[in-house]
Amino acid sequence: MDPVLAGILEAIDEEIAAQKKYQKLKSQTDDEMAQALFDQLIKDEKGHERLLRSRYEALKDHFEEKNNA
């Protein structure tokens, strides 16, 4: 696999791990402000994950087209 694509997949895994970490931290507090912070962080990480997945697909298609030219 192309190292750039592999790196993006690794970054996606890191975003998912961050989401899980923030969800766990959120579940460990009753403080509404802290929970709201973790909700926002989870939302941000999900956005990063979607962006990386989109970029991964675009680059994968680009590399395939380039290799088939």
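Overview of results
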read-out	value
0 to 90° range, to nearest 10: angle between helix 32-68 axis and the chain longest Cα axis	0
Label-point gap, in nm, between Lys24 and Glu65 - each point 7 angstrom along Cα→Cβ	4.1
Long-range lysine pairs (8 or more apart or interchain), the chain, Cα under 14 Å	5
Estimated [θ] at 222 nm from DSSP helical runs (n ≥ 4, -39500 (n - 2.57)) normalised by residues in the chain, nearest 500	-32500 deg cm²/dmol
Whole-angstrom Cα spans of segment 3-68 along principal axes, big to small	55, 15, 10
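Read the figures in this text as sums done on the coordinates, not as results from a lab. Computed from a predicted structure; not experimentally measured. Every residue, glycine among them, receives a Cβ derived from its backbone with ideal geometry; neighbour counts consider all protein chains shown.
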